[in-house]
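Structure, as structure tokens:
The values are calculated or read from the model by the stated rules, or taken from the named source; none is laboratory data. Just so we're clear, the structure is a prediction, and the values are computed from it rather than from any experiment. Every residue, glycine among them, receives a Cβ derived from its backbone with ideal geometry; neighbour counts consider all protein chains shown. Surface areas here come from the heavy atoms of the whole protein model, side chains and all, with no ligands, DNA or RNA. Shrake-Rupley method; radii C 1.70, N 1.55, O 1.52, S 1.80 Å.
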Amino acid sequence: MDTALRPVVADAVGAAGFELEELDVSTAGRRRLVRVIIDSLDGDNSANAVGLDEVARVSRELAAVLDEHDAVLGGPYTLEVTSPGTDRPLTRPRHWKRNRLRLVKVRPVEGAEYLGRVGDADAEETGGVTLLVDGAPRRVGYAEVAHAVVEVEFKQPPAAELAMLDGRASEDEEDAR
């Protein structure tokens, strides 16, 4: 069912100015539960950022489209539209780009897990990202990452780390010269 429904949902979400991040259809009693996760096309700072108003609008538009394709669902359904949570794994280049300067926990395909701060990220799936790990920049290919998630920080990141990722000397380093 997901295969028949995915293009319908993706088109409706795209027409609303968002991207279909995930679609899950499950049975809940005699009804189907259609869970749709949408994300901004342009990143968190865009005019299309996913807020409550946008989720409500997409939900209304998507419900109208699903009602037109009732045969695909085969009966009553409950629609749940949401945005990705902070614990969403970084699986696509745009996820890395969107989380520039954030701290991430990386589990590589080979080797030990580590923390790094996100720097420049390539737009292509075959590319990679620069991470600041233990005070030194490290280039990591997307294919080298088995799993990565953003770490929640309760204080501002160190200015020196941000400056290193921006390619500038920090104020402390300039003062020392």
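Residue by residue through segment 3-13, what is 3J(HN,Hα) from phi via Karplus (6.51 cos²θ - 1.76 cosθ + 1.60, θ = phi - 60°)? Round to whole Hz and write x for glycine and proline.
5, 6, 7, 3, x, 5, 5, 4, 5, 5, 5
Give me the one-decimal nm value for the distance between modelled label points at HIS69 and GLU113, 7 Å along each residue's Cα-to-Cβ direction.
In this crude spin-label approximation the distance works out to 3.7 nm.
Quick one: helix 52-68 against the long Cα principal axis of the chain, what's the angle to the nearest 10°, folded into 0 to 90?
Roughly 40 degrees, rounded to the nearest 10.
Convert each backbone phi in segment 80-96 into a coupling constant with the Karplus relation 6.51 cos²θ - 1.76 cosθ + 1.60 (shift: θ = phi - 60°), then list the ³J(HN,Hα) values in order as whole Hz, x for Gly and Pro.
Ordered by residue, 3J(HN,Hα) equals 10, 10, 8, 9, x, x, 5, 8, 5, x, 7, 10, 10, x, 5, 5, 5 Hz.
Multiplying the sequence separation of ARG35 and ALA159 by 0.36 nm and subtracting their Cα-Cα distance, what value in nm do you get? If you can, show how the numbers build up before the last one.
Values: separation 124, 0.36 × 124 = 44.64 nm, distance 3.97 nm.
Value of the extension gain: 40.7 nm.
Dipole of segment 79-128, Cα-centred, from +1 at each Lys and Arg C-beta and -1 at each Asp and Glu C-beta, to the nearest 20 debye? Intermediate values should be presented prior to the final figure.
Numbers: 10 positive and 8 negative charges, 54 e Å.
That gives segment 79-128 a dipole magnitude of about 260 debye.
For the chain, what does the accessible surface come to per residue with a 1.4 Å probe? Please give it in Å².
That works out to 59 Å² for each residue.
What percentage of the solvent-accessible surface of segment 59-177, computed with a 1.4 Å probe over protein heavy atoms, is contributed by carbon and sulfur atoms? Write down the numbers at each step before the final one.
Values: 3570 of 7260 Å².
Exposed carbon and sulfur together represent 49 percent of the surface.
Using the Karplus curve 6.51 cos²θ - 1.76 cosθ + 1.60 with θ = phi - 60°, what ³J(HN,Hα) values do you get for each residue of segment 112-123, in whole Hz, with x for Gly and Pro?
With coefficients 6.51, -1.76 and 1.60, one gets 8, 5, 8, 9, x, 9, 6, x, 5, 10, 6, 8 Hz.
Treat the chain as a sphere of radius equal to its Kirkwood radius over Cα pairs and apply Stokes-Einstein at 25 °C in a medium of 0.890 mPa s; give the translational diffusion coefficient in µm²/s, rounded to a whole number. Intermediate results must be reported in sequence, preceding the final value.
On the way: Rh = 18.5 Å.
After rounding, the answer is 133 µm²/s.
Roughly how many debye, to the nearest 20, is the charge dipole of segment 108-148 about its Cα centre, given +1 on each Lys and Arg Cβ, -1 on each Asp and Glu Cβ, and no other charges? Please list the in-between numbers first.
On the way: 3 positive and 8 negative charges, 36 e Å.
So the dipole magnitude of segment 108-148 works out to roughly 180 debye.
Where nothing but the Cβ of Lys and Arg (+1) and of Asp and Glu (-1) is charged, how large is the charge dipole of segment 1-131 around its Cα centre, in debye to the nearest 20? Walk me through the numbers on the way to the answer.
Working: 17 positive and 23 negative charges, 88 e Å.
Dipole size: approximately 420 debye.
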